[in-house]
1. Looking only at segment B:27-57, how many residues end up being hydroxyl-bearing (Ser, Thr, Tyr) and surrounded by fewer than 17 Cβ atoms within 10 Å (Cβ to Cβ)?
2. Count, please, the residues in segment A:80-103 that happen to be more than 9 Å from every other protein chain (Cβ to nearest Cβ) and touching a strand residue (DSSP E or B) at 6+ places or on another chain (Cβ under 6 Å).
3. Within the group B:Asp48, B:Asp55, B:Asp29, which residue is closer than 26 Å to B:Phe395 by Cα and touching a Lys or Arg at 6+ places or on another chain (Cβ under 7 Å)?
4. Using beta carbons and a limit of 8 Å, which pairs, at least six apart or on different chains, have the first residue in segment B:15-41 and farther than 26 Å from A:Ala79 by Cβ and touching a residue at least 12 places away in the same chain (Cβ under 8 Å) and the second one of a type in the set (A, V, I, L, M) and not in a strand (DSSP E or B)?
5. For segment B:30-88, which positions are small (Gly, Ala, Ser) and out of contact with any Phe, Trp or Tyr (no Cβ under 7 Å at 6 or more places or on another chain)?
6. Scan segment B:73-94 for residues that are loosely packed, with under 14 Cβ neighbours inside 10 Å and either in contact (Cβ under 8 Å) with a residue 24 or more places away in the chain or outside any loop (DSSP other than H, G, I, E, B) (or both) and jot them down.
7. For a quick check of your reading: which strands (runs of 3 or more DSSP E) sit entirely within segment A:56-114 and have at least 2 residues that are closer than 19 Å to B:Trp235 by Cβ?
8. Considering only segment A:192-249, how many residues are under 30 Å from A:Thr101 (Cβ atoms), within 14 Å of another protein chain (Cβ to nearest Cβ) and not aromatic (Phe, Trp, Tyr)?
Amino acid sequence: MRLRLIMITFLGLSTLFAQTPTAAEIIDRVTSIMSPENTYSKGSQTIITSSGKERVFEFESWSSGKGESSLTRYTKPAAIRGQAFLMLNNADDIWSYFPRTKRVRKLASHAKKQKMQGSDFTYEDMGGGDVFQTKFKATILAEETRDGELTWKIELMGIPEEEPPYPKIVLWARQSDYYPIALDYYDENGFNSKSLVMSNIQMVEDYPSAMMMVMTDNKERSSTTMRTLEITYNWEPPKGFFSERNLKK
Amino acid sequence: MKSWGIILFLPLMLWAQPEFFGYFESEADLMQLGTVNYNFGYNKFRLDVEARPNDNVLIGANVNIQKYWGKTSWNIYDFLPGYANSGLVQNIELQDTIMVDNVYMRLTFPWLDMTLGRQQISPGVGYAWNPTDIFNSRSLLDPSYEQTGIAAIRSVVPLGNRSSFEMVMIPADNFENATKQFWLNGGFGRFDFSLTTAQQQWQSLHAFTYGYGEEDERWLHGGSLVGEILGWGVWTEFGVNNIVYSSFYELYSSSSIIAYEPPIDSFNEYVFGLDHTFDNSVYVLGEYLHNEYGKAKADELIIYDYLYSLSGKSHSLMQDYGFLYLMHPTFDLVSLSALAIANFNDNSGTFAPQLDWNIFDDTNISLQGSLFWGEEDTEFGLQDWGLRLRLRSDF
């Protein structure tokens, strides 16, 4: 009887510990689940400006190496049809292609903070990879229920020498599968400058995938909704796909 | 464009379920020169069609229909500072046009991309000037405007994700006379580079005034480097040029019918540029050009310098220029920008503020003003001010 009690206590404690991973472990899992090896998707991007005007864009996007390399090509509207962006090394290197001039231009790192086609997403926001793991230090702030989901609220403090994209990010990851459902981005003044909410999360080829992401700029009071129209992770990049040559096609 | 091209391409395109797109653009300009002002503009319709019969073939073409209005006959001497009000007349008539601008086929193999036909070719990394571009001339007030097509064969051999070997040839009556340019492109770290060499038959002095077909031979060796330093985008592009003059020139100049200055047989041209976007979203771009094919002093200018500059044979009239561009997305769907161009040799220049408004989806209005400074007999000082309204709708 005593032995049984000890075993139950031990199992209970170990289960408890297993359910409370460290912040770094959570971020490892978040990164893993957010970064499939390869992705191909079609999406739309609806920008609602601060005065309520709406602009809709459509694009195709390819990524590989868990988001280390990506290529995005706009298909609509007509004015920017064919404009494309190649990002390598987790968006450290960006090239843009402008079909009107038929020129490829290498963008300097300051361009990473520019809005993509006037949206509330920057180039840097679109870059995948291990940014959360390498450029931030994670701390669990709380366990919270958000949008009906039990989550870990994680604070990510930027490591200055790693040049993080934001000084601080607060992230809510679902405890059920580690998928992040919301992120708050803070500026250097501690102001929550942007918020990202992910919804309509569906299982696609064993990966939870948000079919809708809404980024709100809390300063300019504008928002951008990204909708996934088509997505697959069973896509293999042909040799040389993430190259300037392919950017121009 | 010869009709055989259309006969060849049209059935192929229809078979390959083509995509149609393009734009309508209308422009109205007002220009003040001394006591005279001119009104002019155009309406332009561009229809593009692209078809992909399979993954390895792209066929593209576009037709431009452009109709001018207002002043369409221009005496080029009115725009040459040393010759304005000289009584000399050399009129250029702007003709309404319907033209097939680009028509090409691109074949893609794992080891080669080959594009045949009239196609847009825009080499170089400079924004306002490209010393390695031997194909195009551009308006400094609108450097990013599309270039017209060039009938050429273009091949790109990939050597890696960031490196390639590229060749363009503009066929002529024989291989020797064909324009040829080669590039070796590559990258290291945060930098991309290219090395280039080109051979071109260059329109001779005489061709401008007397229409002779004699051509000089130009050799260009150059390159470019683009990357970043301390968070600023930086680039440079340079060309070392050598000219082998035609025998006709020697004969002509020795006859002393017209006294020419001795032509230069080599010149260097280079651009340095940098850009940055600040945290407040202000984008700034600056470029400096040094072009030894232009003149260092205003009193050295002769009529050919103006003609070379106007025709695009030379990238500039004089030697040293600065270009500055500032842009800020100030309001919803409205950006304010301004560019300034300075000729450091004759101390003239222009300042052009601009407003761009994305008024509807795919529809933009831009209004650009231009204010000129400098003495009356300088490159930019000749004009007083200008205004340009442009409406463009893409489909």
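Coordinate-derived values only; no laboratory data. Computed from a predicted model, the values in this text were never measured in an experiment. Backbone-built Cβ (ideal geometry, glycine too); neighbour counts: all protein chains shown.
1. From segment B:27-57, those hydroxyl-bearing (Ser, Thr, Tyr) are B:35, B:38, B:42; that's our starting set.
Still in the running and surrounded by fewer than 17 Cβ atoms within 10 Å (Cβ to Cβ): B:35, B:38.
Qualifying residue count, segment B:27-57: 2.
2. 8
3. So the residue among B:Asp48, B:Asp55, B:Asp29 that is closer than 26 Å to B:Phe395 by Cα and touching a Lys or Arg at 6+ places or on another chain (Cβ under 7 Å) is B:Asp29.
4. B:Leu33/B:Leu382
5. First, pick out the residues of segment B:30-88 that are small (Gly, Ala, Ser): B:34, B:41, B:51, B:60-61, B:70, B:73, B:82, B:84, B:86-87.
Of everything in segment B:30-88, those that are small (Gly, Ala, Ser) and out of contact with any Phe, Trp or Tyr (no Cβ under 7 Å at 6 or more places or on another chain) turn out to be B:Gly34, B:Ala51, B:Ser73, B:Gly82, B:Gly87.
6. Taking segment B:73-94 and keeping what is loosely packed, with under 14 Cβ neighbours inside 10 Å, we get B:73, B:85-89, B:91-93.
Across segment B:73-94, the qualifying residues are B:Ser73, B:Asn91, B:Ile92, B:Glu93.
7. On the way: elements: A:69-76, A:84-88, A:93-98, A:103-107.
Fully inside segment A:56-114 and qualifying: A:84-88, A:93-98, A:103-107.
8. 15
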